[in-house]
Amino acid sequence: MSKQLLIYERAVPVTRQRHGSWSVKAGASFDFARGVNSVPLMVAEFPNSAAEYAIVFGGAADEIIPVALLGIRDNENLYVSESGSWSGSYVPAFLRRYPFVFSSDNANDADATFTLCVDEDFSGCNDEGRGERLFDADGERTQYLQNVLGFLQAYQVQFQRTKLFVKRLQEFGLLEPMQAQFTLRSGQRSTLSGFSVVSRDRLKALSAEQLAELMQADEMELIYLHLASLRNLAPIAERIGAPAESAQADETAPASPADFETSGNA
């Protein structure tokens, strides 16, 4: 499975001096994600994602995180159409926050200080007034930039919440490596590995106290959403060789923090 942060080519801190006249037109094209076959997924996104993506766990040791599978071969995203639009119903927040991202010397520290950065190589960045301005004529942050900051702050909160969920899965020994094999439309066989899933047998073997802990933390629902989403592995593979039906891309600012709200999970 590919490394996802490669969608950022040249992320630099956003400043009035450097970006005072800049605008950003985001949401119109997802060409920047064409080469990634999975993206990190926050726990608050599970309800919206489980219906169409397979949710698995990628990474190793203390870097494990839930991801939404977007393809079964390296460097291939089956949800980006030829025109660059997104062909799924739900766009993961990891992609909706692009071209912005927080940087920190210690992003895993809950008390870390973050700096807002923008990928200057994103095609939607410009100083011609296309899209949304970052700063107004007085050099103050626009409402668009404030919304971006709010979204990334909410994303970081969800990142910490997601880390706690994964930590509990690891402590309970619930994750096990998985390998999926597919027969493509062409008749070729393809294998996807390098990820983990929750073991149903290990889940059933938990003590009453451990099960109660998962229930009280609203994490049992997350586990069931993850397990149910695995049925989407085959439909994802079926996209290979089939024309993607383009969904209308949302040509707006990155989603607001409200997009993370779910009943009970976040």
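Here, each number is a calculation from the coordinates, and none is a lab measurement. Not measured: the values here are computed from a predicted model. Methodologically, a virtual Cβ is constructed for each residue, glycine included, from the backbone with ideal geometry; neighbour enumeration extends over all protein chains shown.
The distance linking region 199-226 with region 59-119 is 27 Å (Cα centroid to Cα centroid, whole angstrom). Coupling constants for region 203-213 follow from the phi torsions by the Karplus curve (6.51 cos²θ - 1.76 cosθ + 1.60, θ = phi - 60°), and in residue order they are 5, 5, 8, 5, 6, 4, 5, 5, 4, 5, 4 Hz; glycine and proline get x.
In plain terms, the chain from Ala212 to Ser186 could stretch by 4.7 nm, reckoned as 0.36 nm per residue minus the Cα-Cα distance. With neighbour counts taken as other beta-carbon atoms within 10 Å, the residues Phe172, Phe114 rank, fewest first, as Phe114, Phe172. Largest first, the extents of the alpha carbon coordinates of region 148-196 on the three principal axes equal 47, 34, 11 Å. Relative to the compact-globule estimate of 2.2 N^0.38 Å, the Cα radius of gyration of region 1-80 comes out at 1.31. The largest-to-smallest principal axis extents of the Cα set in region 184-229 are 48, 18, 15 Å. At the listed q of 0.08, 0.09, 0.10, 0.14 Å⁻¹, the Debye profile of the chain, built from one uniform point per Cα, gives log10 I(q)/I(0) equal to -0.35, -0.44, -0.54, -1.01.
Summing Cβ point charges (Lys, Arg +1; Asp, Glu -1) relative to the Cα centre of the chain gives a dipole of roughly 620 debye.
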